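A short worksheet on the structure shown next.
The values are calculated or read from the model by the stated rules, or taken from the named source; none is laboratory data. These figures come from a predicted structure and were not determined experimentally. Cβ sites come from the backbone with ideal geometry, for glycine too, and all protein chains shown count toward neighbours. The protein model used for the area step is the full one, side chains on, heavy atoms only, and it has no ligands, DNA or RNA in it. Shrake-Rupley method; radii C 1.70, N 1.55, O 1.52, S 1.80 Å.
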Amino acid sequence: MKKYWILLALSALLFSCSSKNDKDYYTSAKIHEQKGEKKEALSEYEKIVQEFPKSSVADSSLFRIAKLEIDNKNYVNALKDFKKLTESYPNSKLLAASFFELGKLYHGKVLKKIPVSESYKTAVDYYKKVFKLGTTNPDAPQALFMAGFLEANELHDYKAAKVTYNLFIKTYPNNQLVESAKTELKTLGISPEDILKRAGKKRRK
């Protein structure tokens with residue numbers, strides 16, 4: 001009996017030494033990523049999300065899973081992972097970046113089962129969520145511009161596009177996309193053919 005308890009204690013000790021915690025998995029996943037070992041990195045990140053959902057690195061692990069899914073062209077899976085992040089970790093510092101990625105995925109029409117117009121409208125909603133989370137967010141200027149672009153060129157909601165573009169110009173007057181926004185405002189509702197005709201007339205003058 002004494003021998004049995006000694007073996008049991010040794011087994012428990014070996015198990016505790018061999019098991020990893022959330023930080024161990026995260027470090028290992030990062031190393032795999034740096035080496036280009038995407039499959040192994042995904043596996044380590046997934047262990048964190050599954051085994052340590054309340055970990056301080058669980059949200060960033062889920063974000064990295066989604067980004068790796070994009071690298072692997074598994075766009076639908078990436079969309080699901082970003083959505084899970086926004087729902088499970090609403091206070092995450094990666095919330096705005098996740099909204100931006102969701103906007104891009106819907107913009108890219110990755111869900112083939114929904115109408116294109118619905119996909120674009122959802123993209124606009126996510127792009128605007130990025131802006132609403134904070135105007136100083138790194139992705140906010142491009143997200144707001146893209147919202148206006150979709151409203152103008154894909155949804156043909158010129159009234160909404162005008163509001164969005166004007167908000168963009170007012171909020172980010174020095175942004176490199178301001179001139180594009182101003183051009184868009186001048187040509188709202190005008191067909192590409194008419195725009196070319198106008199440009200031709202100006203050149204002849």
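Annotations
- Tally, over the range 73-128, of residues that are among the hydrophobic types (A, V, I, L, M, F, W, C), open to solvent by less than 40 Å² (accessible area, probe 1.4 Å) and within 25 Å of residue 57 (Cβ to Cβ): 11
Residues are listed down the side, and each one gets a yes or a no for (1) within 22 Å of the chain's Cα centre (by Cα); (2) within 20 Å of residue 84 (Cα to Cα); (3) in contact (Cβ under 8 Å) with a residue 12 or more places away in the chain:
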site	(1), (2), (3)
114	yes, yes, no
144	yes, no, yes
147	yes, no, yes
150	yes, no, yes
170	no, no, no
179	no, no, no
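- The conditions of being of a type in the set (A, V, I, L, M, F, W, C), under 15 Å from the mean Cα position of the chain (by Cα) and at pLDDT 95 or above are met by residue 66.
- Options 104, 109; residue that is touching a Ser or Thr at 6+ places or on another chain (Cβ under 8 Å) and within 28 Å of residue 161 (Cα to Cα): 109
- Count of residues meeting criterion [acidic (Asp, Glu) and assigned to a helix (DSSP H, G or I)] in the range 144-185: 3
- Conditions (1) more than 16 Å from residue 103 (Cβ to Cβ); (2) open to solvent by 30 Å² or more (accessible area, probe 1.4 Å); (3) hydrophobic (A, V, I, L, M, F, W, C): number failed by residue 155: (1)
- Output for the range 107-141, where each listed residue is farther than 23 Å from residue 76 by Cα and in a helix (DSSP H, G or I): 131, 132, 140, 141
- Cβ pairs under 7 Å, 6+ apart, first in the range 123-139 and touching a residue at least 24 places away in the same chain (Cβ under 8 Å) and hydroxyl-bearing (Ser, Thr, Tyr), second surrounded by fewer than 17 Cβ atoms within 10 Å (Cβ to Cβ) and part of a helix (DSSP H, G or I): 135/171
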